[in-house]
Structure formats: C-alpha cells, structure tokens
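**Q** Below are the structure tokens for one structure; questions will follow.
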Amino acid sequence: MKNYLIIGQGSQTIQLIREMFSLEIKPNQLSVITLRDVSNFSFLEFLKYYEIKTEVTDKKKFDEVLTKTLKSKIDLVISFSNPFIIGKKHLNKSTFINFHPGMLPLFRGSFSTVHAMLNKSERTGGTWHYITEKVDQGNILDSVDVRIKPTSTAFSLNHEVFSLGIKELDIVLELVNRKSKGIKQSSKEGKFYKNKFPDLSKIEDPDLKQRINYFPPNFL
C-alpha cells in the first residue's frame with residue numbers, strides 16, 4: 001500500500017483527492033499539509049470529514065512541518081495548488097511531483113493563464129512535472145491543452161486547466177509508478193513570472209481587461 005502526501009489548499013485540491021478516491025486510493029493512505037487561513041475553511045472541513053491526517057501551518061513553519069512529515073514513509077508527494085515553497089533539502093526524501101497551471105516551459109511561475117491572455121496566446125494549459133531545485137523546470141510527465149476563446153476569462157481558463165489536470169492523474173501516477181523520467185524541458189524557452197498580479201493599466205481593450213480581471217478573489 002502506497003502512502004501519499006498532498007501539499008495544497010482550496011477547492012481544487014478537494015477535487016484532486018476525490019479523484020484519488022475514484023482510483024481506489026483510501027483516506028488512510030493520505031497525509032496533507034495545508035495553509036492556516038480562513039479562506040481554506042472548506043478544505044479543512046473536507047479533510048476532517050474523511051479523517052485524513054492533516055498538518056495545518058503557515059508559510060514560516062512549513063519547512064519544519066514538512067521535515068517532520070517526511071520522517072514517515074511517503075512514497076509520493078503531490079504538490080497541487082500549493083502555497084508553500086519546497087526546499088531542495090527535502091527532495092531526496094521521496095518523489096515529488098507538481099501540477100503547474102500553465103504551459104511549460106513557456107509560462108513558469110505564477111498567474112500563467114493571465115500572462116497567456118496578456119501575451120495574446122491562442123492556447124494555455126497545465127503541466128504535471130517532477131519537482132527539482134529549479135522552480136517549474138523539472139521533467140514533464142503530462143500536460144493538458146486549453147484553447148483561449150474570445151469569451152474566456154482568467155477564471156474560466158484556470159478552472160478548465162485544473163479540471164483537466166485532475167482527470168490526467170491516473171496517467172501521471174502510472175508514469176511515476178513505472179519510474180518514467182519524463183521529458184526534459186528546454187532551458188532556453190519561456191519566461192518566469194513573479195507571484196504578483198500584473199499591472200493592467202496599459203491595456204487599451206476594456207473587454208480584455210475585464211476578462212483578465214475576472215479572477216479570484218476580486219472578480220472585478
């Protein structure tokens with residue numbers, strides 16, 4: 001029986017765990033590290049209902065909590081909607097994978113769907129990849145592709161990307177079980193975007209600005 005550690009938060013991670021249940025992974029195989037925040041209440045209630053072992057922490061104490069958790073046997077760590085930074089010292093303790101809501105290697109970092117819209121890309125997507133010392137640069141396991149329609153909002157794209165990514169979980173877990181090395185990313189492509197919502201003041205198209213701003217928690 002494999003043991004899984006999930007590092008994540010929010011409604012997307014609820015759906016991820018439901019998908020794991022559908023793959024016959026039981027609650028007693030799971031451990032979770034999540035954020036202590038009022039916005040995370042529904043996730044915490046979900047974990048409590050299923051009696052999933054949970055550590056609730058803030059960003060300052062995350063490293064300490066992860067160190068303690070990895071002392072137990074963890075076969076796979078899944079980072080999904082993860083608000084924390086995983087230090088490189090932990091990466092040899094287990095296998096670590098992450099779902100990045102953006103097309104790698106083109107859009108690394110944060111707000112990938114927003115930046116795809118700003119760059120007038122025709123498509124966005126999400127990428128399952130191994131976690132390495134360099135952020136969003138580990139070998140790619142699987143990806144999903146989403147067309148950016150004239151009516152797409154940042155929220156609708158983000159929702160579709162996460163939903164499709166979750167549906168690929170069985171494929172991703174099988175690749176990890178087979179010890180697939182994945183596909184190496186090009187270090188010469190793409191750009192890293194900081195964890196800060198971009199300035200939209202120079203956008204002249206009011207419709208585009210509104211569709212980009214339609215992004216939680218503000219829905220402007």
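The values are calculated or read from the model by the stated rules, or taken from the named source; none is laboratory data. Source: prediction; values computed, not measured. Cβ placement follows ideal geometry from the backbone for every residue including glycine, while neighbour counts extend to all protein chains displayed. What goes into the accessible areas is simple: the full protein's heavy atoms, side chains included, and nothing from ligands, DNA or RNA. Shrake-Rupley method; radii C 1.70, N 1.55, O 1.52, S 1.80 Å.
**Q** What number of residues within segment 41-54 satisfy the criterion of being surrounded by 17 or more Cβ atoms within 10 Å (Cβ to Cβ) and farther than 23 Å from residue 169 by Cα?
**A** Final tally of qualifying residues: 0.
**Q** Being at pLDDT 95 or above and under 25 Å from residue 90 (Cβ atoms) is the filter here; which residues of segment 105-131 pass it?
**A** If the condition is that a residue be at pLDDT 95 or above and under 25 Å from residue 90 (Cβ atoms), then 126, 127, 128, 129, 130, 131 are the ones that fit.
**Q** Under 9 Å between Cβ atoms, at least 6 apart or on separate chains: pull out the pairs that start in segment 205-220 with a residue that is at pLDDT below 90 and of a type outside the set (Ser, Thr, Tyr) and end on any residue that is open to solvent by 70 Å² or more (accessible area, probe 1.4 Å) and in a helix (DSSP H, G or I).
**A** 215/155; 216/155; 217/39; 219/155; 220/210
**Q** Now for a separate question. Has segment 66-78 got any residue that is closer than 23 Å to residue 161 by Cα, crowded, with 19+ Cβ neighbours inside 10 Å and of a type in the set (A, V, I, L, M)?
**A** yes
**Q** Pick from segment 136-148 the residues that are farther than 18 Å from residue 162 by Cα and open to solvent by 40 Å² or more (accessible area, probe 1.4 Å): which of them is modelled with the highest pLDDT? Spell out how you get there, then give the answer.
**A** Narrowing segment 136-148 to residues farther than 18 Å from residue 162 by Cα: 137-139.
From what's left, open to solvent by 40 Å² or more (accessible area, probe 1.4 Å): 137, 139.
Values: 137: 91, 139: 96.
Among them, the one singled out is 139.
**Q** Which of the residues spanning segment 116-130 are open to solvent by 60 Å² or more (accessible area, probe 1.4 Å) and out of contact with any strand residue (DSSP E or B) (no Cβ under 8 Å at 6 or more places or on another chain)?
**A** Within segment 116-130, 119, 120 meet the criteria.
**Q** Right, here's the next one. Please specify each residue of segment 3-35 satisfying the condition of being surrounded by 13 or more Cβ atoms within 10 Å (Cβ to Cβ) and part of a loop (DSSP other than H, G, I, E, B).
**A** 3, 9, 25
**Q** Could you list, ordered by first residue, the pairs with Cβ atoms under 8 Å in which the first is in segment 41-62 and closer than 23 Å to residue 85 by Cα and among the small types (Gly, Ala, Ser) and the second is open to solvent by less than 50 Å² (accessible area, probe 1.4 Å) and part of a helix (DSSP H, G or I), at least 6 apart or interchain?
**A** These pairs meet every condition: 42/10; 42/14.
**Q** Now, a different point. Can you pull out the residues in segment 173-185 that are touching a helix residue (DSSP H, G or I) at 6+ places or on another chain (Cβ under 9 Å) and surrounded by fewer than 20 Cβ atoms within 10 Å (Cβ to Cβ)?
**A** Hits for segment 173-185 are 180, 182.
**Q** List the number of the failed condition for residue 133; all other conditions in (1) open to solvent by less than 100 Å² (accessible area, probe 1.4 Å); (2) in contact with a helix residue (DSSP H, G or I) (Cβ under 7 Å, 6 or more places away or on another chain); (3) of a type in the set (D, E, K, R) hold.
**A** Going through (1) open to solvent by less than 100 Å² (accessible area, probe 1.4 Å); (2) in contact with a helix residue (DSSP H, G or I) (Cβ under 7 Å, 6 or more places away or on another chain); (3) of a type in the set (D, E, K, R) one by one, residue 133 breaks only (1).
**Q** While we're on this one: Within segment 80-100, can you find the residues that are open to solvent by less than 20 Å² (accessible area, probe 1.4 Å) and among the β-branched types (Val, Ile, Thr)?
**A** 97
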